[in-house]
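Novice: I have a structure here, written as structure tokens, and I will follow up with some questions on it.
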Amino acid sequence: LKRLFQSTAFFSDRAQAGLVKGPLEFAVGFMRTTGVHPVHGERLTIDLSAIRWRLEGMGHVPTRPPSVSGWPEGELWLSAQAMVDRANFVRDAIIDRTDQLAAGFDPRTLMPSPAATADQVIDGLAARLGLEPTDEERAAWRLYLDTRRKWDGTEEADPFDPANDEHVEERVRGLLYILAQQPEYMIR
């Protein structure tokens, strides 16, 4: 055991990574990493009931395991429904613009600087979530930030402008939603 625990393979990146985040770790990790969370509209505080409701839907309520054996582990958390539940949690957290603004949260705090370019926003958010995007992913995310989507479903080129509040509110939040869905973000 001593030889095993002192082996470089035991501490390698491969040995350290690859564990699937449970719903609680995913939810709390997302909120702590980004500072984005559901807000209770009247009190302008963290909406614990919304968080608990989503965790119940994901089957991971603290102190209430489904059996004496505890919660499932590993890949059992990666069902199709679990991915939808995680996406819904992130959506609930990022969509509450009015209450978050009233509570003092500004999505500009997610940007590496107030004058960040699209590429800097991508790199900053990816680093914040521990993602290492490929060139193809980075290009797709840049296209997302540089495109205006209209209510009628059409799109037009509209380069990301960090001084434009609408760009920051919609596109930075939207990119955060996209990044939180990445398979790489589901593991630690």
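The values are calculated or read from the model by the stated rules, or taken from the named source; none is laboratory data. Please read all numbers here as calculations on a predicted model, not as lab measurements. Methodologically, a virtual Cβ is constructed for each residue, glycine included, from the backbone with ideal geometry; neighbour enumeration extends over all protein chains shown. Protein only, heavy atoms only, side chains kept; ligands, DNA and RNA dropped before computing areas. Shrake-Rupley method; radii C 1.70, N 1.55, O 1.52, S 1.80 Å.
Novice: Name the single residue, out of those in region 145-160 being surrounded by fewer than 16 Cβ atoms within 10 Å (Cβ to Cβ) and closer than 16 Å to residue 120 by Cα, that is farthest from the chain's Cα centre (by Cα).
Specialist: Looking at the filtered set, the residue picked out is 159.
Novice: Still on this model: Answer yes if at least one residue in region 82-92 is touching a residue at least 40 places away in the same chain (Cβ under 8 Å) and touching a Leu at 6+ places or on another chain (Cβ under 6 Å), and no otherwise.
Specialist: Scanning region 82-92, I find no residue that is touching a residue at least 40 places away in the same chain (Cβ under 8 Å) and touching a Leu at 6+ places or on another chain (Cβ under 6 Å), so the answer is no.
Novice: Moving on. Quick one: count up the residues across region 105-121 that are in contact with a Gly (Cβ under 8 Å, 6 or more places away or on another chain) and more than 17 Å from residue 32 (Cβ to Cβ).
Specialist: So the answer is 3.
Novice: Still on this model: So, in region 161-180, exactly how many residues are surrounded by 21 or more Cβ atoms within 10 Å (Cβ to Cβ) and more than 30 Å from residue 29 (Cβ to Cβ)?
Specialist: Summing the residues that are surrounded by 21 or more Cβ atoms within 10 Å (Cβ to Cβ) and more than 30 Å from residue 29 (Cβ to Cβ) in region 161-180 gives 0.
Novice: Find the helices (runs of 4 or more DSSP H) located wholly in region 31-142 whose residues include 2 or more that are open to solvent by 80 Å² or more (accessible area, probe 1.4 Å), closer than 16 Å to residue 180 by Cα and modelled with pLDDT of 80 or more, and list them.
Specialist: Per the criteria, 80-95.
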